[in-house]
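The values are calculated or read from the model by the stated rules, or taken from the named source; none is laboratory data. Please read these numbers as outputs of a predicted model, since none were measured by experiment. Backbone-built Cβ (ideal geometry, glycine too); neighbour counts: all protein chains shown. Accessible surface is based on the protein model in full, side chains and every heavy atom, while ligands, DNA and RNA are left aside. Shrake-Rupley method; radii C 1.70, N 1.55, O 1.52, S 1.80 Å.
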Amino acid sequence: MKPHGETPRDHNNVTVGVDGSPASGRAVRWAAATAAQRGLSLHLIHAVDFATTGWAATPFVQTSRIFEWAEEDAQAVLGEAKGIAQESAPGLEVTAAVALTGTAKWLVRLSQETRMLVLGQSGSGRIGEIFLGSTPVAVVGHAACPVVVVRGEEAPEPDYRPVVVGVDGSPLSENALAAAFEEASFRDVDLVAVHIWSDLRVGSLEAMPLEFEPQALEDIERVLLGERLAGYGERYPDVTVVRKIYIDGPRTHLQAWSEHAQLVVVGSRGRGGFKGLVLGSTSNSLLREAHCPVMVVRPDED
């Protein structure tokens with residue numbers, strides 16, 4: 001079933017899922033500020049899923065009344081969200097739509113028509129469950145645009161914290177790196193490029209019966225990181241890049257950096273990831289545990 005409501009211009013908007021929860025409100029404020037900063041419109045979506053309510057199978061309740069109740073509730077949720085958006089970014093163009101379905105397929109299809117898809121970290125409605133509950137892989141891993149889960153507390157104003165990006169040295173992280181530079185440029189903040197040599201947990205390499213030369217390893221990885229960053233300095237001369245290299249523990253280090261960042265950007269898969277493994281363990285962990293908003297960027301070749 002197609003959503004009904006106002007239809008935004010293709011790719012000239014930021015889309016945010018709303019369900020009336022406090023986390024949803026924070027996502028709307030974040031999305032509104034992001035859209036205004038880029039000269040885009042904001043599109044609010046609210047999904048209604050009758051499959052889990054039990055009302056559809058109740059014989060003594062008129063189906064038409066169920067749809068009326070759902071429509072009233074949805075409009076109330078969208079109205080509140082619109083008020084939050086306009087208060088956060090006065091003058092921002094805001095559109096809204098309701099979909100009488102909560103399936104991940106609809107959200108993935110919607111991602112083809114927007115610049116960015118935004119969601120709160122949790123919520124009482126179906127949208128929240130779809131992203132961070134039963135089917136995060138289907139949505140975050142297959143979306144045609146970057147997906148942001150707004151985690152953590154409200155951002156300070158002004159926000160001088162950096163954007164942090166995970167760079168694993170593989171081509172799969174290239175899109176994440178490009179998105180991170182763009183975000184840092186728009187926000188006029190530094191970019192912290194975090195490169196981790198191994199996917200192993202912190203301390204795992206120290207326990208192995210192998211001998212490493214830390215300085216030689218760091219020199220090699222610094223060259224590799226430099227190769228990944230090459231060219232971006234000319235495209236984004238306004239962005240100061242801080243390079244951080246670690247031997248292991250991508251989840252641990254990116255999680256720690258999320259406490260000091262305004263946004264963490266990662267790819268949907270790690271180095272060597274299989275195409276069937278569309279959401280890596282690091283990105284999955286950050287979506288659930290980071291202290292700031294997390295942007296997941298999918299590679300082009302899927």
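Criterion first (in contact with a Gly (Cβ under 7 Å, 6 or more places away or on another chain) and either closer than 19 Å to ASN175 by Cβ or modelled with pLDDT under 85 (or both)) does LEU217 satisfy it? Criteria not met by LEU217. Here the range 96-148 is the region considered, the condition is being over 29 Å from GLU72 (Cβ atoms) and at pLDDT below 75, and the residue that is surrounded by the fewest Cβ atoms within 10 Å (Cβ to Cβ) is VAL137. Residues of the range 260-302 that are closer than 24 Å to GLU218 by Cβ, modelled with pLDDT of 80 or more and either open to solvent by 50 Å² or more (accessible area, probe 1.4 Å) or part of a loop (DSSP other than H, G, I, E, B) (or both): HIS260, ALA261.
Sort through ALA178, ALA184 and tell me the only one that's in a helix (DSSP H, G or I), open to solvent by less than 40 Å² (accessible area, probe 1.4 Å), under 15 Å from VAL296 (Cβ atoms) and modelled with pLDDT of 90 or more.
Numbers: ALA184 fails: under 15 Å from VAL296 (Cβ atoms).
That would be ALA178, the only listed residue that is in a helix (DSSP H, G or I), open to solvent by less than 40 Å² (accessible area, probe 1.4 Å), under 15 Å from VAL296 (Cβ atoms) and modelled with pLDDT of 90 or more.
Tallying residues that are surrounded by fewer than 19 Cβ atoms within 10 Å (Cβ to Cβ), modelled with pLDDT of 95 or more and either farther than 20 Å from PRO22 by Cα or not charged (D, E, K, R) (or both) within the range 72-83 yields 2.
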